[in-house]
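First comes the structure, then the notes that go with it.
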Amino acid sequence: MRIRRLVAAGAMAAVAGLTLASCSSGGDATESAAAIVPELQNDQQVEIVFESYNLTQAGLWTDTVNQLIDEFEESHPNITVTGQPTQGNGAASGNYVSSVQTQLLAGDPPDVAQLTFDALEFTATQLGAKPLSDIVSAEELEEAFEGEHPMHPNARVLADWDGKTVGMPYVFSTPVLYYNADALAAAGVTDPDFSTWDSVEQIAEKVSAQTGKPSLDVSCLAVGGNWCMQGLFKSNGAQVISDDRATIEFGSDAAVDTVERFAEMYDAGVLRSADSAAMQEGLAKGDTQMLLITSALQGMFMQAAEAGGWTLDAAPMPAFEGQEAVPTNSGSALFVLSEDPAKQRAGWEFIKFMTSDRAYELISSKIGYLPLRTGLTEKGGALFDWAQANPLIQPNLDQLDRLQPWVSYPGDSFMQVDTLLAEAIENAVFYGKPAEETMTEAADRAQDLIE
């Protein structure tokens, strides 16, 4: 396994103003997809580049991905995988598409890329992703989804676009409410009820009174948290875009009501205003005692709890009073971007391994992402003993059965739409801006961007 890091700031700046269409291979992925690619010969040596945003994160994330790459190369001695983190400034902001787009414009894209679901339409129609259902047979694709422990049906369709399997769902999580059980007990809460936001607020009031500061963080409300904010909206009868993908809807009455509910908690002094990084550190450091966030951080929180001598516990995403919570997923899929048939085949073999039983055994137990092959946690599965010893995974598994997808916005400005929404939420919740005016104005501006 080799690591490639591009030093391409000048090149990125030079091509930033170009349009992707000027050097893409024909627009829609369905137009540029290759024919079914032949299997590699045993002595056919192929090198591929795998770009993963998990390789930008030191510790558990990078170590786990590198271990999987090493194991893949050992079992596929004719394929060499060069792992590289997301390139440029996009990694810091979560705009992983910009990295691939810049490399594509420069004529040197990665062969396989890990890209988030909010970029699904753009990846399928503008980045030239090769639909897996075009480059491998239907039987081979089905075999990859099935196997001894089939991929959960709610997961396997998340990277489908326009009737084709464009990518392979890889890693994701649902929003999980982690909390410091010892801190809650010190405030007199020994059997916490996190079923609704009303009950969460009551608990937070007691804990905040004990600590003298806000005790609750909700990462969905911060920039970068729109994936789980979509779940909060859906849980309260709202959605960010219409089913026909033509109309922005986060200015609706239900969406405004959702945002106002959290503004009330902030005004009550129980909800903290912080950016995403501070929220991740807050629970571990004891700055807050409750945090709704991606389960991908479960491993980090477990380490912090062990080191700090406190008890970590978890609960599903709370519901709004009288309604059912609707969890959405974070995360990503793996896409083949190479134009070369041999690299496409090597990339497909790599994707199969990275979404195999063995991969999820490591990804789930070491990082905390959902095992998309949920049978691994059942008796006889490789994760059974681990799941029994780590009940924190259960809320995540339960929510997978009720999962609704993180939806992407149409057009080239999908990231700007997300930014408009995130800024509107922060302004309404934490900075006293009127929610109705703020959200409807953001929705109107977003509508102009998708038309």
* To do: Would you mind finding the one in Q388, Q447, Q394, Q399 that is surrounded by 18 or more Cβ atoms within 10 Å (Cβ to Cβ), among the polar types (S, T, N, Q) and part of a helix (DSSP H, G or I)?
  => Q399
* **Unique residue being farther than 26 Å from G381 by Cα and surrounded by fewer than 19 Cβ atoms within 10 Å (Cβ to Cβ) when the list is K164, K130** => K164
* Structure fact -> Flagged in the range 336-379 as closer than 19 Å to D111 by Cβ, in contact with a helix residue (DSSP H, G or I) (Cβ under 7 Å, 6 or more places away or on another chain) and in a helix (DSSP H, G or I), in numbering order, are Q344, W348, F350, K352, F353, M354, A359
* Structure fact -> For the range 160-188, the count of residues that are out of contact with any strand residue (DSSP E or B) (no Cβ under 9 Å at 6 or more places or on another chain) and either assigned to a strand (DSSP E or B) or on the phi > 0 side of the Ramachandran plot (or both) equals 7
* Mind checking which residues of the range 107-135 are over 22 Å from I69 (Cα atoms), aliphatic (A, V, I, L, M) and either under 16 Å from the mean Cα position of the chain (by Cα) or not in a helix (DSSP H, G or I) (or both)? -> A119, L120, L127
* Asked: Do we find that A307 is farther than 26 Å from Q323 by Cβ, free of Cβ contacts under 8 Å to residues at least 60 places away in the same chain and not in a loop (DSSP other than H, G, I, E, B) in this structure?
  -> yes
* Structure fact -> Restricted to the range 53-84 and to residues being outside any helix (DSSP H, G or I) and modelled with pLDDT under 95, the residue surrounded by the fewest Cβ atoms within 10 Å (Cβ to Cβ) is A58
* To do: Please verify whether the range 45-52 includes one or more residues that are of a type in the set (G, A, S), on the phi < 0 side of the Ramachandran plot, at pLDDT below 95 and assigned to a loop (DSSP other than H, G, I, E, B).
  => no
* Asked: Across the range 372-381, which residue is nearest to Q298 (Cα to Cα) among those that are surrounded by 21 or more Cβ atoms within 10 Å (Cβ to Cβ) and not hydroxyl-bearing (S, T, Y)?
  -> L372
* helices (runs of 4 or more DSSP H) wholly inside the range 215-301 containing at least 2 residues that are β-branched (V, I, T) and modelled with pLDDT of 95 or more -> 253-267
* To do: Name the single residue, out of those in the range 202-218 being surrounded by 24 or more Cβ atoms within 10 Å (Cβ to Cβ) and of a type outside the set (V, I, T), that is farthest from M290 (Cα to Cα).
  => A204
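Okay, residues lined up against (1) more than 21 Å from the chain's Cα centre (by Cα); (2) surrounded by fewer than 17 Cβ atoms within 10 Å (Cβ to Cβ); (3) more than 30 Å from G167 (Cα to Cα); (4) of a type in the set (D, E):
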| site | (1), (2), (3), (4) |
| --- | --- |
| T247 | yes, yes, no, no |
| G251 | yes, no, yes, no |
| V259 | yes, no, yes, no |
| F262 | yes, no, yes, no |
| L297 | no, no, no, no |
| E306 | yes, yes, yes, yes |
| V326 | no, no, no, no |
* Structure fact -> Of the candidates A296, A342, the one satisfying the condition of being over 28 Å from T258 (Cβ atoms) and aliphatic (A, V, I, L, M) is A342
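Take the residues of the range 424-444 that are among the hydrophobic types (A, V, I, L, M, F, W, C) and touching a strand residue (DSSP E or B) at 6+ places or on another chain (Cβ under 9 Å): which is surrounded by the fewest Cβ atoms within 10 Å (Cβ to Cβ)?
Looking at residues that are among the hydrophobic types (A, V, I, L, M, F, W, C) and touching a strand residue (DSSP E or B) at 6+ places or on another chain (Cβ under 9 Å), I get F430.
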* Structure fact -> Counting only residues in the range 85-124 that are more than 13 Å from S332 (Cβ to Cβ) and of a type in the set (A, V, I, L, M), the one surrounded by the fewest Cβ atoms within 10 Å (Cβ to Cβ) is identified as A92
* For the range 366-382, name all the residues that are in contact (Cβ under 8 Å) with a residue 24 or more places away in the chain and either over 20 Å from Y53 (Cα atoms) or among the hydroxyl-bearing types (S, T, Y) (or both). => Y369, R373, T374, G375, L376, G381, A382
* Asked: What about E423, is it in contact (Cβ under 8 Å) with a residue 12 or more places away in the chain, in a helix (DSSP H, G or I) and among the acidic types (D, E)?
  -> yes
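The values are calculated or read from the model by the stated rules, or taken from the named source; none is laboratory data. Remember, predicted model here, so these are calculated numbers, not experimental data. When we count neighbours, we look across all protein chains shown, and the Cβ atoms used for this are built from the backbone with ideal geometry, even at glycine.
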